[in-house]
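Working notes, structure below.
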There are 2 protein chains.
Amino acid sequence: MLSITEENYLKSIYKIAESDGIPVSTNSVAARMQTTAASVTDMIKRLSDKELLEYEKYHGVQLTEQGSRVATQLIRKHRLWEVFLTDQLGFRWDEVHDIAEELEHIQSPQLIERLDRFLGHPRFDPHGDPIPDANGHWEHRQQVLLSELLPGQAGIVTGVNDHSPAFLQYLQQLGLTLGARISLQETVAYDQSLQVVIEYGAPQNLSDKVARNLYVHPSAE
Amino acid sequence: MLSITEENYLKSIYKIAESDGIPVSTNSVAARMQTTAASVTDMIKRLSDKELLEYEKYHGVQLTEQGSRVATQLIRKHRLWEVFLTDQLGFRWDEVHDIAEELEHIQSPQLIERLDRFLGHPRFDPHGDPIPDANGHWEHRQQVLLSELLPGQAGIVTGVNDHSPAFLQYLQQLGLTLGARISLQETVAYDQSLQVVIEYGAPQNLSDKVARNLYVHPSAE
DNA sequence: ATATTTTTTTTGACTTGCCTAAAAATTTAT
DNA sequence: ATAAATTTTTAGGCAAGTCAAAAAAAATAT
Ligand SMILES: [Mn+2]
Ligand SMILES: [Mn+2]
Ligand SMILES: [Mn+2]
Ligand SMILES: [Mn+2]
């Protein structure tokens, strides 16, 4: 059985590999885990001994099949609990991450399968992220960053790139929650900001920072 | 913030004090926690430093106000999660203890208050044990052990003294779940076993061991 | 090609939580 | 009251996980 710490390392390495590619560097893990490179080297050796990752000194790590499976199951648990927290307990989407960060470590395959059934086998979490099934597979949704839309195009909000409470709260305030419709009128050359219409409201301006952190499913316009 | 281990010690000490009285001995804690007396002495010192209990060398410990509060809130969380697992996820009463043993350590007062509301503010857990409220108070129910009933008396099952899966499964099989009616016909002097009628069925014999581990609310006959 | 900077590993040390074995204190029996 | 048994503490040590500082390797700049 793995410790909570070991599980968190595996999940971090998995996510870094997903976004930055492999191999995963010691420093990138240290940054994400808010710890030191020395601690990471230490843990990497232990996880390597347990055959959860492959480690070549000075050249980073790569999860093994087994390590990947642990990571995706953690992600499955994390996202299912997030659905529970929002849909059943009424938490807002910006409040659930930290709690799910703890709940994901509860050890009971039975619990998670029953929770999944209870929730109606949701395929996406409250932030639009896909929920892996018991075999580690998930649905890939066609989506692009808002910043990639062309003027005149519209889209349905499907997810976020930045999961910080600050960003999520701001989106909520703008009405840019999952499923909301947004259409792009024009881009402002000066600062890459966008002129958009949210749910047929009054036109307004969104920064490029917002646009680069919001996923939409392009729809007809 | 307390570690999971520290929390488990506090809960154990609280429960021992509840059943055996104070002060709580080092050995009794070691037995309940399945560890050694040396480890307990070690932890006791740490908890004493944190003012969660009062410790007099060689004379056992006693929880402080603060230590008691931590313990009752853990019990509250444990029992609320047990209700969730049985009522919402469909677990049997003999399956929930170990999972709740982990869930009780999730750190989020908001979570537990929302869970409580979601469950409809239950006052008893699936084993008939009372659930402390946010202030650490709970309802005291009038109940006696089945072994204390007199021949001719009847009662409604309200709880168990032994929480082991084996006992709970056996009770289930007998139909002796919470709310079931049981009437005592006579006691057998030879082995203290009881001749009983469960829910108006055929008379049958129950060992004194069962009788000493089942709580009933005496009712008219 | 060499020097400089950055990244990674090693070393030594600390805390938490655990253990066994030995010593000390307390309780029980005689 | 003393001896024996039991309980508790102390001592010394181990594994996990952490850190700061020093050393080594790799990457980058000149
Ligand atoms: Mn986590
Ligand atoms: Mn999420
Ligand atoms: Mn516990
Ligand atoms: Mn219970």
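What number, rounded to the nearest 500 deg cm²/dmol, is the helix-based mean residue ellipticity at 222 nm of the protein assembly as shown, given -39500 (n - 2.57) per DSSP H run of at least four residues and division by all its residues? Each step should come with its number before you reach the end.
Values: 16 runs with 177 residues, N = 442.
Helix-only estimate at 222 nm: -12000 deg cm²/dmol.
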Restricting attention to the range A:47-101, which chymotrypsin sites (Phe, Trp or Tyr not before Pro) occupy a DSSP loop and are surrounded by at most 14 other Cβ atoms within 10 Å?
A:58
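I'd like the trypsin sites (Lys or Arg not before Pro) in the range B:76-127 restricted to DSSP loop residues with at most 15 other Cβ atoms within 10 Å, sorted by number.
Working: sites: B:76, B:77, B:79, B:92, B:114, B:117, B:123; in loops: B:92, B:123.
Of the trypsin sites (Lys or Arg not before Pro), the ones in loops of the range B:76-127 whose Cβ has at most 15 other Cβ atoms within 10 Å are B:92, B:123.
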Placing a label point 7 Å from Cα toward Cβ, how far apart in nm is residue B:31 from its equivalents in the other copies, listed shortest first to one decimal?
5.6
Folded to 0 to 90 degrees: helix A:37-49 orientation relative to chain A principal axis, Cα
60
If I fit a long axis through the Cα atoms of helix B:4-20 and take the longest principal axis of the Cα atoms of chain B, what angle between them do I get, 0 to 90°, rounded to 10?
50
Looking at the protein assembly as shown, how many pairs of lysines come closer than 29 Å at the Cα, when each pair is eight or more places apart or spans two chains?
29
With the label point 7 Å along the Cα-to-beta-carbon line of residue A:199 and a cut-off under 12 Å to each amide N, the hits in the range A:160-189 are A:172-182
Using alpha-carbon pairs under 8 Å, 6+ residues apart, how would you state the relative contact order of the range A:4-63 in percent?
35
Extension gain, residue B:163 back to residue B:19 (0.36 nm per residue minus Cα-Cα distance, nm):
50.4 nm
With angles folded into 0 to 90 degrees, how steeply does helix B:165-174 sit against the dominant principal axis of chain B? Use alpha carbons for both and round to 10.
20
Evaluate the relative contact order of chain A (contact order divided by residue number), counting alpha-carbon pairs under 8 angstrom at least 6 apart; express in whole percent.
15
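Rule-based calculations on the coordinates, nothing more; no lab input. Keep in mind it's a predicted model, so treat the numbers as computed, not measured. All Cβ positions, glycine included, derive from the backbone under ideal geometry; neighbour counts span all protein chains shown.
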